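J.: There's a structure below that I have some questions on.
Read-outs throughout are calculated quantities, based only on the coordinates presented, and are distinct from any laboratory measurement. This one's a predicted model, so the numbers in the text were calculated from it and none came from an experiment. Cβ sites come from the backbone with ideal geometry, for glycine too, and all protein chains shown count toward neighbours.
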Amino acid sequence: MRQQVLVLYLSTSTLDSHVVGWSQYDGTGRTHPTTGDSDEPPYPTGLAALLDGWRLFQASQLLPPQAGHEYDVSFLKHEFFFEKLEDD
Amino acid sequence: MSTSKQLLTSVQVARFVAQGFLRLDGVVPQEINERAIATLTEGLPDVAYGTPLGGAFAPDTFVHELLALPVVAGAVESLVGPDPTVDHHAVHVRWPHEGEAQPLHGDAIIDVRPDAFDIQLMYYPHEVTADMGGTLSVPGSHLRRINETDVGRVQNLRGQTRLTCPAGTVVLVHHGIWHSGRRNDTANRRYMYKLRLNPTVPQVRLWDLSDLHDPAVTAELNTYLPWYEQATGRLEIYNRVLLWRALTGDDSFDVEYWVTRVSNRPTLGSHA
């Protein structure tokens with residue numbers, strides 16, 4: 001079994017909110033996704049990925065801001081990892 | 001062509017504060033472009049960190065001529081003021097069929113100065129087509145606090161810019177902008193000359209202020225970008241307001257009351 005990984009960055013913490021960023025890593029070696037290779041996301045929402053057979057295996061935690069850093073902006077907050085498993 | 005510096009307008013600087021870049025398409029004459037390509041092919045001599053820009057490049061070099069162009073000189077002065085120093089410069093090459101892109105990153109190390117910023121001048125002396133690995137950049141990413149390639153896991157963001165441009169294009173970016181050299185799928189080298197400049201004066205009201213109170217300034221600072229999360233997008237506006245206040249010296253400026261509201265502390269004020 002080989003793993004394909006899809007990372008979706010969503011607009012809010014809800015899985016059915018719209019995709020604002022995305023990454024893909026292909027453990028089958030058939031494709032070679034990389035930085036800046038597409039302007040349109042593979043799915044409009046996280047839920048749409050589920051409907052297409054991707055399995056969610058990690059979601060970013062909801063963490064309160066650190067005291068004194070409530071207005072700081074940094075990494076995208078709503079990161080969801082999906083996988084598909086492919087037979088060898 | 002005018003020989004005096006063409007300072008930026010307030011609306012242009014507000015757009016830079018909001019989006020972290022200023023793009024000047026095809027502003028460099030072809031004669032300079034051709035000399036630049038020849039020079040970049042051979043390599044550039046180092047310039048010591050902190051060298052005053054005025055004496056860093058001999059008058060017969062393409063860099064001197066590039067920076068003397070009124071549109072470039074005016075933009076540079078509007079953002080970092082007169083007499084900046086050279087941080088460093090470099091030739092960036094995306095090699096033919098290189099096979100991979102750089103991870104998304106911010107240059108140098110995390111740099112969160114609230115009242116100063118460096119600019120990086122990116123100069124493309126030849127046309128950059130879609131498959132040549134033109135720089136990927138993310139408008140509005142410059143205020144996000146990340147360190148170098150820590151954000152590299154992210155491959156694509158809505159509204160990102162995959163640069164294509166005519167020869168002689170200059171892009172000035174805030175030091176914090178997220179960017180990446182994209183994969184070059186052609187048989188030709190893709191060159192870019194990069195020059196980082198440090199300010200030596202307070203970056204306050206350095207541009208053409210005649211439109212300072214134009215409503216378009218506020219509109220620029222209130223622009224939401226397609227990759228922003230719904231809630232964090234509001235914090236982007238908040239942070240832009242703080243930077244605009246620093247650049248204008250106007251501590252009362254606001255957009256949608258974001259900063260004013262959360263700064264209202266009557267109890268503390270009564271003891272001031």
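J.: Explain nothing, just the number: relative contact order of region B:1-94, from Cα pairs under 8 Å at least 6 residues apart, as a whole percent.
T.: Details: 79 pairs, mean separation 42.7, N = 94.
Result for region B:1-94 is 45 percent.
J.: What stretch of chain B, leaving out the sites themselves, is the longest with no chymotrypsin sites (Phe, Trp or Tyr not before Pro) in a DSSP loop having at most 13 other Cβ atoms within 10 Å? Show your work: numbers first, answer last.
T.: Numbers: sites that count: B:TYR49, B:TYR257.
The longest uninterrupted stretch comes out as B:50-256.
J.: Let me ask something else. Place a +1 charge on the Cβ of each Lys and Arg in region B:10-198 and a -1 charge on the Cβ of each Asp and Glu, then give the dipole magnitude about the Cα centre in debye, rounded to the nearest 20.
T.: Details: 16 positive and 21 negative charges, 150 e Å.
Roughly 720 debye for region B:10-198.
J.: Based on Cβ point charges of +1 for Lys and Arg and -1 for Asp and Glu, what charge dipole magnitude is obtained for region B:214-270 about its Cα centre, in debye rounded to the nearest 20? Don't jump to the answer; show the numbers that get you there.
T.: Numbers: 5 positive and 8 negative charges, 51 e Å.
I would put it at about 240 debye.
J.: Which value in deg cm²/dmol, rounded to the nearest 500, describes the helix-derived mean residue ellipticity at 222 nm for chain A, given -39,500 (n - 2.57) per DSSP H run of n ≥ 4 and division by the residue count? Numbers along the way, then the final one.
T.: Working: 1 runs with 6 residues, N = 88.
Dividing the helical sum by the residues of chain A leaves -1500 deg cm²/dmol.
J.: Here is a follow-up. Between B:SER252 and B:ILE109, what length comes free when the chain is fully extended (0.36 nm per residue of separation minus the Cα-Cα distance, one decimal in nm)? Intermediate values should be presented prior to the final figure.
T.: Numbers: separation 143, 0.36 × 143 = 51.48 nm, distance 3.15 nm.
Additional length available on full extension: 48.3 nm.
J.: Starting at 0 and stepping by 10 Å, how many percent of the alpha carbon pairs of region B:214-270 end up in each bin?
T.: 21, 50, 23, 5, 0
J.: Whole-Hz ³J(HN,Hα) for each residue in region A:62-70, computed from phi via Karplus 6.51 cos²θ - 1.76 cosθ + 1.60 with θ = phi - 60°, x for glycine and proline: what do you get?
T.: 8, 10, x, x, 5, 4, x, 10, 5
J.: Separate question: Taking every DSSP beta bridge with both residues inside chain B, roughly what % is antiparallel (nearest 5)? Could you put the intermediate results ahead of the total?
T.: On the way: 32 of 33 bridges.
Approximately 95 percent, going by the DSSP bridge assignments.
J.: Tell me the label-point distance for the pair A:SER74, B:GLU100, using the 7 Å Cα-to-Cβ offset, in nm and rounded to one decimal.
T.: Output for this residue pair reads 2.6 nm.
J.: For chain B, calculate the relative contact order in percent as a whole number, restricting contacts to Cα pairs under 8 Å that are 6 or more residues apart.
T.: Reported relative contact order: 29 percent.
J.: Put +1 on the Cβ of each Lys and Arg and -1 on the Cβ of each Asp and Glu in chain A; which of A:LEU15, A:GLY29, A:THR45 then has its Cα farthest toward the positive end of the dipole?
T.: A:LEU15
J.: Quickly work out the B:ALA187-to-B:THR260 label distance, labels modelled 7 Å from Cα along the C-beta direction, and quote it in nm with one decimal.
T.: Rounded to a tenth, the inter-label distance reads 6.3 nm.
J.: Any idea what the alpha-carbon Rg over 2.2 N^0.38 Å comes to for region B:10-198? Show your work: numbers first, answer last.
T.: On the way: Rg = 15.7 Å, N = 189, 2.2 N^0.38 = 16.1 Å.
Here the answer is 0.97, to two decimals.
J.: Another question about this same structure. From zero outward in steps of 20 Å, how is the percent of C-alpha pairs of the protein assembly as shown spread across the bins?
T.: Using 20 Å bins, I get a P(r) of 27, 54, 18, 1 for the protein assembly as shown.
J.: B:VAL93 to B:ALA68: extension gain in nm, 0.36 nm per residue of separation minus the Cα-Cα distance?
T.: On the way: separation 25, 0.36 × 25 = 9.00 nm, distance 2.44 nm.
Residue separation times 0.36 nm, minus the Cα-Cα distance, leaves 6.6 nm.
J.: Give me a single rounded figure for B:231-243: the average over its residues of other chain Cβ atoms within 10 Å of their Cβ.
T.: Working: counts 5, 10, 3, 2, 5, 2, 0, 4, 3, 0, 0, 1, 0.
Across the residues of B:231-243, the mean count of other-chain Cβ atoms within 10 Å is 3.
J.: Quantify how strongly other chains surround peptide A:28-36 by giving the mean number of their Cβ atoms within 10 Å of each of its Cβ atoms.
T.: Working: counts 0, 0, 0, 0, 3, 3, 10, 18, 21.
Averaged over the peptide's residues, the number is 6.
J.: In addition: In nanometres, what is the gap between the two model label sites at B:LEU209 and A:ALA67, each 7 Å from Cα along Cα-to-Cβ?
T.: Between B:LEU209 and A:ALA67, the label points sit 4.1 nm apart.
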